[in-house]
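Worksheet: the structure to be examined is printed underneath.
The values are calculated or read from the model by the stated rules, or taken from the named source; none is laboratory data. Quick caveat: nothing in here was measured; it's all calculated off a predicted structure. As a convention, Cβ positions derive from the backbone with ideal geometry for all residues, glycine included, and neighbour counts pool all protein chains shown. When the accessible area is computed, the model is the full protein with side chains, heavy atoms only, and any ligands, DNA or RNA have been set aside. Shrake-Rupley method; radii C 1.70, N 1.55, O 1.52, S 1.80 Å.
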Amino acid sequence: MSLDILITLLIVASVLGALATNRVPADLTMMAALVAVLVAGIVTPGEALSGFANPGLMTIAALYVVAAALRDTGAIYWVAHRLLGQPKSVFSSQLRLIAPASLLSAFLNNTTVVAMMIPAVQEWAQRLKLSASKLLLPLSYAAILGGTCTLIGTSTNLVVDGLVQEKGLPAFGIFDVAWVGIPVLLGGGLFMLLVGRYLLPEREGMAEQWEHAREYHVEMVVAKGSGLAGRTIQDAGLRNLTYGYLTEIQRGEKLFTAVGPEMTLQEGDLLAFVGVPECARELQRINGLQSAHGAVHKLGLNNHQRHLVEVVLSPEFPGIGKTVKETGFRTRYQAAILSISRNGQRMAGKVGELVLRVGDTLLLETSEQFVEQYRYRRDFMLVSPLKDSTPPDFRRAPVAVGVLVIMVLANVLGLASTLEAAMVAAGLMLACRCVTVNRSRMNVSVNLPVLVVIGASFALGKAMETSGAAAWIVQEAFPESGLSPFMALVIIYLLTAAFTEMITNNAAAVLVFPIAIGVAEQLGVSPMPFIVAVMFAASASFMTPLGYQTNLMVMGPGGYTFRDYVRIGLPMSLVVAVISLVVIPMVWGF
């Protein structure tokens, strides 16, 4: 063993330990590793930084912009709502959940898909009087499995494809991995439906968490030309909202207080909802509803500039003891009051006629500059923005979906590479104003640590190759005789799967990739089965919340413990491993 090999293996071991303990951010750990192999002279500056120019990394960055456009136009909400339907049982709920989650994850970043679908899943839990824990972990697993069906479905596939191109091998097509991904999805889905649901725990639902929270009275109107007109309340998805409930409908001079699920909506209906602050955000995401307060539209703000903010009135607020109309609140603060809460209770009646008091909590729709402008002013004791409260611009949803379809078709028909198709799609989303430049920058910035981890991990993979560490591991762990290609494939798969449960999936793929190539060269067989095995094993993270970000996202809302992941994730990992190891040699051969 040479000194370079020893140093490289020590750095890799340190990285594995740091990522497994999760005490240091992954991006900081990987950048430290990059600096270490660079300073040690194991890689050149060009090799250390080559990962940040890798086609796979740049494709992921471009897809973040595409995902932001699909979210801001509300396209993802519309698709999810149409595909989820109205299930009546646990089995049908899980069945209807797996289909849209996996379908969307095949073409979008699965982290975005899970984030957008969590509210819909929580709504299911309330409607069926089920624990959300029966549905949220299957949501994460379905998104992971769906992502394996296409090249762009998961960042791991794109990272490995970038490594393949660096080796001078043919790049993967967008559906090349579907030959393995679809059987894996079907097998994993059947396991969740037939076995997994009995292993899922019972946890508290969302209702108990906001039962005693601040309540608001929010009014929305069925807009002219709305697709909700002529549909029942049940079909419109308004019967059981996640953060509130429909109390009454005003139709002309008639007031309907006993609102049944079969009541048909009409244009101009004034709908009154009661719920926590997030209820207003949830209602904004329903295509066909708009705020009943015309003042919102008089602010002259575009959709992407509108945000929800809560403020608490201080004794120095100039309008104490006056009605909202008398204070001229909208003109003075460039904000529209959607609702008022007093002592945690909703204030009924027309907002403009309510008299303001010290301590009242106002739910506002205003610009993104409001928080910075009034955070330290004496008018308000507290200024608190609601996270991710920009209303979708549903008018551009068809355009966003069309651009996504063009991107996929361009790659499938061979008109453009995956990187070219993704970058053109991102540019079209910006040109068609499906997403603004600032919003796209924000989305990339939020995911910047992920991009840093991926880019820096390439340096570590390069060090494994140039130092001879990968070849040394192959020589020591894989005997030249007595080991069949299939057994070598099994070992590579299990090694990658073990790494991805301890560290990030992308880092696991980059570290094992040179070992997989070395094994194939030693055995004198095609490297493609080993490369595809790395792809699928790196994505098959089910046993811990650390291996895949979507697992971590559902941990809190579902009330899951580490033991829950092991109980259902271990057999799920075995199912996926068996299917992958059987299908990969059949499709790719040795």
Just a yes or no: is a residue in the stretch 315-335 small (G, A, S) and within 21 Å of V276 (Cα to Cα)? yes
So in the stretch 101-118, with the set limited to residues that are part of a helix (DSSP H, G or I), closer than 12 Å to A67 by Cβ and modelled with pLDDT of 80 or more, which one is farthest from the chain's Cα centre (by Cα)? L104
Select from the stretch 539-564 the residues that are at pLDDT 70 or above and of a type in the set (G, A, S) and write down the one among them that is surrounded by the most Cβ atoms within 10 Å (Cβ to Cβ). S539
Going through the stretch 78-100 one residue at a time, which ones are part of a helix (DSSP H, G or I), open to solvent by 20 Å² or more (accessible area, probe 1.4 Å) and at pLDDT below 70? W78, V79, H81, R82, L83
Just to be sure I understand, how many residues within the stretch 252-285 are open to solvent by 30 Å² or more (accessible area, probe 1.4 Å), closer than 26 Å to R395 by Cβ and modelled with pLDDT of 85 or more? 5
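Please go through the stretch 409-427 and pick out each residue that is buried (at least 19 other Cβ atoms within 10 Å of the Cβ) and of a type in the set (A, V, I, L, M, F, W, C).
First, pick out the residues of the stretch 409-427 that are buried (at least 19 other Cβ atoms within 10 Å of the Cβ): 410-411, 418-419, 421-423, 425-426.
Result: A410, L419, A421, A422, M423, A425, A426.
List the helices (runs of 4 or more DSSP H) that sit entirely inside the stretch 436-489 and contain at least 3 residues that are touching a helix residue (DSSP H, G or I) at 6+ places or on another chain (Cβ under 6 Å) and modelled with pLDDT of 80 or more. Step through it out loud before you land on a result.
On the way: elements: 437-446, 448-466, 469-477.
It comes to 448-466.
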Which of the residues belonging to the stretch 119-132 are surrounded by 22 or more Cβ atoms within 10 Å (Cβ to Cβ) and either among the basic types (K, R) or modelled with pLDDT of 70 or more (or both)? V121, A132
Filter the stretch 286-316 down to the residues that are modelled with pLDDT of 75 or more, part of a loop (DSSP other than H, G, I, E, B) and open to solvent by 40 Å² or more (accessible area, probe 1.4 Å), then identify the one that is nearest to Q373 (Cα to Cα). E316
